[in-house]
Structure formats: structure tokens, C-alpha cells
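Colleague: For reference, the structure I am asking about is given below.
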Amino acid sequence: MTRPDTETQHLRDLARLRRVRDRIDREYARPLDVEALARGVAMSAGHLSREFRRAYGESPYSYLMTRRIERAMALLRRGDLSVTEVCFAVGCSSLGTFSTRFTELVGMPPSVYRRAAARATAGMPSCVSARVTRPVRNREAPAGEPHLA
């Protein structure tokens, strides 16, 4: 391959990775797995995982779980759903996995967060509370900036 062909392919791959990320953002509550995401953009699951991590700093699964936890945080702040209802509403099928991942990302179990966040964000506009309560990147992601080039 010549250099322009390599650059063209790289740009195509980035566009496909963006489509995967956008799909995860839209369909986070649906059952998604790397194989289905890869099929949707005509890539192998391994290639998608490697390139997604290289572009965004975390695996597709970790990105999906981060989106789910962010949405769960918003639902828990509302206070009208139980932790179990929130777990299933964001697309998780296991309360144990949900609670473990939530605790890893947020630093406290979802039940504790629900009580604390309701008090801490009372009277705050939802757009502000979403920003100030956003979870820290998960431990699988590197501390540095994502590599896009």
C-alpha cells in the first residue's frame, strides 16, 4: 500500500469507529456486544476492539459501561426508581455486575449514591448536575489523552 492509501484507510476506520461510538451512545440500553458492533461496520471484533481502544482510550465494552453508568447516575439522582429498576433501564442484565462497575467508576455503591446525590444536586439544573457528577474514566483506560492519529 502506498502512503495515501494507508491514510485513506485510516480515515475510513476512524469514521467506522465514530459510527460504533455513536451507536453505543444511542443504543446503550439495548443488548450490545463487540461482535454485533463489529458486524455493523464490517470489521472483525478483534480489530474493532484494538482500533477503538487506540482511538478512544478504552475498549468498546468499557465505553458502553461508562455510558450506562452515566445514565444510571442521572436516573438515581431523580430518585423515583429503585437501584434494580435503574440497572435494567440502562441495559444491564446483572445487578451484581452493575453494582460492581458503578462502584468502580463512581466510588460508592448505587444505593449510597442515590441518597447522597439527591441531597447534593437538589435545586441544580440537570445539565449542571450531569456535568459535575460525571464518573471518572474507568480503571481500564490509560491516564493520558486518547491517541487519534
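The values are calculated or read from the model by the stated rules, or taken from the named source; none is laboratory data. Everything quoted here is computed from the prediction, not taken from an experiment. Note: ideal-geometry Cβ built from the backbone for every residue, glycine included; neighbour counts use all protein chains shown. Just so you know, the surface numbers come from the protein's heavy atoms only, side chains and all, with ligands and any DNA or RNA stripped out. Shrake-Rupley method; radii C 1.70, N 1.55, O 1.52, S 1.80 Å.
Colleague: In the set L32, L17, which member is over 13 Å from the mean Cα position of the chain (by Cα), of a type outside the set (G, A, S) and under 30 Å from V86 (Cα atoms)?
Modeller: Only one candidate passes the filter, namely L17.
Colleague: Only residues that are at positive phi and among the hydrophobic types (A, V, I, L, M, F, W, C): list them for region 19-63, please.
Modeller: Answer for region 19-63, where residues must be at positive phi and among the hydrophobic types (A, V, I, L, M, F, W, C): just A42.
Colleague: Assuming A74 fulfils every condition listed in (1) exposed (fewer than 15 other Cβ atoms within 10 Å of the Cβ); (2) at pLDDT below 95 apart from one, which condition is it?
Modeller: It fails just one condition, (1).
Quick grid of which residues meet (1) modelled with pLDDT under 95; (2) under 30 Å from A117 (Cβ atoms); (3) hydroxyl-bearing (S, T, Y); (4) in contact with a Leu (Cβ under 7 Å, 6 or more places away or on another chain):
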| site | (1), (2), (3), (4) |
| --- | --- |
| T6 | yes, no, yes, no |
| Q9 | yes, no, no, no |
| R12 | yes, no, no, no |
| R18 | no, no, no, no |
| R21 | no, yes, no, no |
| M43 | yes, no, no, no |
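Colleague: Can you give me the number of residues within region 19-58 that are in contact (Cβ under 8 Å) with a residue 60 or more places away in the chain, open to solvent by less than 80 Å² (accessible area, probe 1.4 Å) and of a type outside the set (A, V, I, L, M, F, W, C)?
Modeller: Summing the residues that are in contact (Cβ under 8 Å) with a residue 60 or more places away in the chain, open to solvent by less than 80 Å² (accessible area, probe 1.4 Å) and of a type outside the set (A, V, I, L, M, F, W, C) in region 19-58 gives 4.
Colleague: Look at R16 and say whether it is open to solvent by 80 Å² or more (accessible area, probe 1.4 Å) and part of a helix (DSSP H, G or I).
Modeller: The answer is no for R16.
Colleague: Hey, another quick one. So which of T84, T66, T103, T97 is among the β-branched types (V, I, T), touching an Asp or Glu at 6+ places or on another chain (Cβ under 9 Å) and on the phi < 0 side of the Ramachandran plot?
Modeller: Unique residue meeting the criteria: T66.
Okay, residues lined up against (1) farther than 18 Å from I24 by Cβ; (2) in the same structural domain as H10 (by the TED database); (3) at pLDDT below 95; (4) surrounded by 13 or more Cβ atoms within 10 Å (Cβ to Cβ):
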residue	(1), (2), (3), (4)
A89	no, no, no, yes
L95	yes, no, no, yes
P109	yes, no, no, yes
R119	yes, no, yes, no
